[in-house]
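J.: First the structure, then my questions, so here it is.
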Amino acid sequence: MNDYLIRGVLKAFNVRFVLAGTTRLVQDAVIAHDTDPAAAQIFSDALTAAALLAPLLTGEERYTIRWEYPGTAGGLLADVNAAADVRGLPSNPHLMAEGDRADKEKLFGDGDGMIAVTKSVAGKVLNTGQTKAPLAQPSADIAFFLSLSDQVESEMVTVTRFNADPANPVHTAGGMLLQAMPDCDLERFEVMRRKLGQPAVKELLLNNCSPLETRLRRILAELLAPDSLEEADVNYEFGPEPGFRCSCSEEKMRQAMLVLGMDDLKQLFTERDSVAVCCNFCRRKYTFTQKDFFST
Ligand SMILES: [Zn+2]
């Protein structure tokens, strides 16, 4: 099944939701960055969280999210645009050697982390905000940021199930975002946000039942029980398919290399025939020779 994004509103309760399936996105990212299982778990959470933010953007807008944790997980970077092109970068893709993958305190440290979110359009910063990241989970810390900095009560949960096959490491990945809109019934929202983190909902998020409408209705029914879905007056639509897609190109990389200056570039190519440059976000490799910069 392809990855998907569904955005909607429970009109009767003024609650907005986003549901995303990110299996392929996470798999492509995990393979590109060669993350070990412990790092893949955290990276998956961060990438799915970024995908869930896509419907909050319009036009050329982009969110860039940076997490810094005092534990071995260290820093993570992810960005997303309105087309749900997601890319990311873990500062430490190999965590297994550094500790027990189940030792959350070791991975995230025993103090608060930091999260910074920048909204930009066509490379120009619209606004940027920073809060502490006290929840030791990238997706939960994004929801914390949205609640505190944007003052929109938010809850986010992600799920990932892995395969033992290194060539096909991700079985299922996905997540859901809930947000309280103006005039939201906050008591109801609190009940829904608590249920979102429960095993029953996580199981439904991991269950690849189709069609997607059925999956959505089952998840919403679980969040709303004992009330019925009909009472909530649900309205939803499909968004763009999320994917691990990078905006790098040979020309952008060439421009970046020009920053070195012509003298240094000339020197570089007297020392070697070609220079390989790797994109930090997608790990794509670009190889340049003297001819790419000099006519003779
Ligand atoms: Zn790239």
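J.: Assuming Phe281 fulfils every condition listed in (1) outside the structural domain of Ser139 (by TED's automatic domain parsing); (2) crowded, with 17+ Cβ neighbours inside 10 Å; (3) free of Cβ contacts under 8 Å to residues at least 40 places away in the same chain apart from one, which condition is it?
T.: Single failed check for Phe281: (3).
J.: Which of the following residues is within 16 Å of the ligand (Cβ to nearest atom) and not polar (S, T, N, Q): Ala54, Ala50?
T.: Working: Ala54 fails: within 16 Å of the ligand (Cβ to nearest atom).
Going through Ala54, Ala50 in turn, just one is within 16 Å of the ligand (Cβ to nearest atom) and not polar (S, T, N, Q): Ala50.
J.: Residue under question is Asn280, and the condition is that it be within 16 Å of the ligand (Cβ to nearest atom) and modelled with pLDDT under 95; does it hold?
T.: Numbers: within 16 Å of the ligand (Cβ to nearest atom): yes; modelled with pLDDT under 95: yes.
Here the answer is yes, as Asn280 does meet what is asked.
J.: Under 9 Å between Cβ atoms, at least 6 apart or on separate chains: pull out the pairs that start in the stretch 224-238 with a residue that is in contact (Cβ under 8 Å) with a residue 24 or more places away in the chain and end on any residue that is part of a loop (DSSP other than H, G, I, E, B) and of a type in the set (Phe, Trp, Tyr).
T.: Hits for this filter: Leu224/Phe13; Glu231/Phe13; Ala232/Phe13; Asp233/Phe13.
J.: What are the pairs, 6+ residues apart or on separate chains, where a residue within the stretch 53-70 that is on the phi < 0 side of the Ramachandran plot has its Cβ under 6 Å from a residue that is at pLDDT below 95 and aromatic (Phe, Trp, Tyr)?
T.: Tyr69/Phe108
J.: Restricting to the stretch 164-180, name every residue that is at pLDDT 95 or above, out of contact with any helix residue (DSSP H, G or I) (no Cβ under 6 Å at 6 or more places or on another chain) and more than 17 Å from Ser139 (Cα to Cα).
T.: Matches in the stretch 164-180: His171 only.
J.: So which of Leu25, Leu19 is at pLDDT 95 or above, assigned to a helix (DSSP H, G or I) and assigned by TED's automatic domain parsing to the domain that holds Ala180?
T.: After applying the criteria, what remains is Leu25.
J.: If you don't mind, there's one more thing I want to ask. Every residue in the stretch 67-80 that is assigned to a strand (DSSP E or B) and surrounded by fewer than 23 Cβ atoms within 10 Å (Cβ to Cβ), please.
T.: The answer is Glu68, Gly75, Leu77, Asp79.
Residues checked against (1) crowded, with 17+ Cβ neighbours inside 10 Å; (2) assigned by TED's automatic domain parsing to the domain that holds Gln27; (3) within 26 Å of Cys279 (Cα to Cα):
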{"residue": "Leu57", "(1), (2), (3)": "yes, yes, yes"}
{"residue": "Asn92", "(1), (2), (3)": "yes, yes, yes"}
{"residue": "Lys106", "(1), (2), (3)": "yes, yes, no"}
{"residue": "Asp110", "(1), (2), (3)": "no, yes, no"}
{"residue": "Val117", "(1), (2), (3)": "yes, yes, yes"}
{"residue": "Ala133", "(1), (2), (3)": "yes, yes, no"}
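J.: Could you run through the stretch 266-296 and say how many residues are touching a helix residue (DSSP H, G or I) at 6+ places or on another chain (Cβ under 7 Å), of a type outside the set (Asp, Glu) and assigned to a helix (DSSP H, G or I)?
T.: Number of matching residues: 2.
The values are calculated or read from the model by the stated rules, or taken from the named source; none is laboratory data. None of these values were measured; they are calculated from a predicted model. All Cβ positions, glycine included, derive from the backbone under ideal geometry; neighbour counts span all protein chains shown.
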